[in-house]
Amino acid sequence: MPVFEGNLSKMRGTVSADGSVTYVLKLSADEVPMSDLIGQKLNFEFSGQINCISCGKTTRKSFAQGFCFNCMQTAPEASECVLRPALCKAHVGVSRDADWAQMHCLQPHYVYLANTGEIKVGVTRQSQIPVRWIDQGASAAIKICKTPNRHMAGLVEMHLSKHFTDKTLWKKMVSGTVDEALDLLKFRKEAIELLSSGMQQFVDEDDSIYSLKYPVQKYPIKPVTVTFDKERSFSGTLSGIRGQYLLFEDEQVLNIRRHNGYRVSLSY
Ligand SMILES: [Zn+2]
């Protein structure tokens, strides 16, 4: 029985030419091929130890999905603008770390629409396409605007969020009830018409639809989340993976990203 041990971090999803997503989970030096484990019984054991994903120190509690309290308040990757791009001030020289801001905020960004159960508006750095969409479990996505930095993308997103949700409806997503027939081209057109004249200049010409297919044999009907904060060990037969969620036969779902930094062992 293979046993892997390490601190959890976001699964890496890669897409093949037909849009199929394959997942790998890194635990210490090992890369566990999660997609290959569908149909198998997995056993997770949480050691009780959480290490901050920024400084590595042990923390009793995880803040903002994986940080110790200090890093949540000071680390650039836990900046307010990560979740709320419109608040980014890197373009006027204000950030937690200038080098980090240069690499992450002062780079071309896209405003996009994704189908995650409803049509959702979002922002991502150019280099994060399609990773961002995979993490959200979107069935399809389309670009709207390309902006020179994070702040401007955030303003466009804020503007459009009056008409489109900016939340991912995880329950719909993990129960496979996403209506895949929603016409993204039509919504893109609507979104562009809603832009202010100042925002029109950022409209991106690329209107191709990115479709994604997840390795799921069976979706739960009424998904129930498991968390290592409540259960130190957990076993279940993996029935699929979507977004950052592992789906199990018995309706339980495990959000890997929520447990960033948790030290676990995985055997199967
Ligand atoms: Zn830390």
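The values are calculated or read from the model by the stated rules, or taken from the named source; none is laboratory data. Please read all numbers here as calculations on a predicted model, not as lab measurements. In this analysis, Cβ positions are derived from the backbone assuming ideal geometry, glycine residues included, and neighbour counts consider all displayed protein chains. Heads up: the accessible areas ignore ligands, DNA and RNA and are worked out on the full protein's heavy atoms, side chains in. Shrake-Rupley method; radii C 1.70, N 1.55, O 1.52, S 1.80 Å.
Please calculate how many Å² of accessible area the chain carries per residue, with a 1.4 Å probe and no DNA, RNA or ligand atoms counted.
Numbers: 13010 Å² over 268 residues.
For the chain, the per-residue accessible area is 49 Å².
The range 1-149: percent of C-alpha pairs farther apart than 25 Å?
Cα-Cα pairs in the range 1-149 separated by more than 25 Å: 44 percent.
Within the range 159-268, report the GluC sites (Glu not before Pro) that DSSP leaves as loop and that have at most 14 other Cβ atoms within 10 Å. Mind dumping the intermediate values first?
Numbers: sites: E180, E190, E193, E205, E231, E249, E251; in loops: E180, E205, E231, E249, E251.
Listed in order of number, the matching sites are E180, E205, E231.
Rg(Cα) of the chain divided by 2.2 N^0.38 Å? If you can, show how the numbers build up before the last one.
On the way: Rg = 19.1 Å, N = 268, 2.2 N^0.38 = 18.4 Å.
Against the compact-globule rule of thumb, the ratio is 1.04.
What are the ³J(HN,Hα) values, in whole Hz, obtained from phi via the Karplus relation 6.51 cos²θ - 1.76 cosθ + 1.60 with θ = phi - 60°, for each residue of the range 176-181 in sequence order, with x given for Gly and Pro?
Each residue of the range 176-181 in turn: x, 9, 6, 7, 7, 8 Hz.
On a 0 to 90° scale, report how tilted helix 150-160 is relative to the longest principal axis of the chain, with both axes built from alpha carbons and the result rounded to the nearest 10.
80
What fraction of the DSSP beta bridges in the chain is antiparallel, stated in percent and rounded to the nearest 5?
Of those bridges, close to 90 percent are antiparallel.
Evaluate the relative contact order of the range 108-211 (contact order divided by residue number), counting alpha-carbon pairs under 8 angstrom at least 6 apart; express in whole percent.
On the way: 179 pairs, mean separation 38.1, N = 104.
Relative contact order, the range 108-211: 37 percent.
How large is the helix-only mean residue ellipticity at 222 nm for the chain, computed as the sum of -39500 (n - 2.57) over DSSP H runs with n ≥ 4, divided by its residue count, in deg cm²/dmol to the nearest 500? Numbers along the way, then the final one.
Numbers: 8 runs with 54 residues, N = 268.
The per-residue figure over the chain is -5000 deg cm²/dmol.
Using alpha-carbon pairs under 8 Å, 6+ residues apart, how would you state the relative contact order of the chain in percent?
RCO, the chain: 29 percent.
Given points 7 Å out from each Cα along the Cα-Cβ axis, report the Q40 to V224 separation in nanometres with one decimal.
Taking the simple label geometry, Q40 and V224 are separated by 2.6 nm.
Can you tell me the orientation of helix 184-194 relative to the chain, as the angle in degrees between its alpha-carbon axis and the longest Cα principal axis, to the nearest 10?
Approximately 50 degrees, to the nearest ten.
Between E118 and D206, take the C-beta separation as r, use R0 = 35 Å, and let me know the FRET efficiency to the nearest 0.05.
0.95
Give me D for the range 108-211 in µm² s⁻¹, whole number, from Stokes-Einstein with Rh from the Kirkwood sum over alpha-carbon pairs, 20 °C and 1.002 mPa s.
Answer from the Stokes-Einstein relation: 160 µm²/s.
Could you pull out every residue, at least 5 positions away or on a different chain, whose amide H is within less than 5 Å of the one on S54? Hs are placed 1.01 Å off N in the peptide plane, and Pro or chain starts have none.
C68
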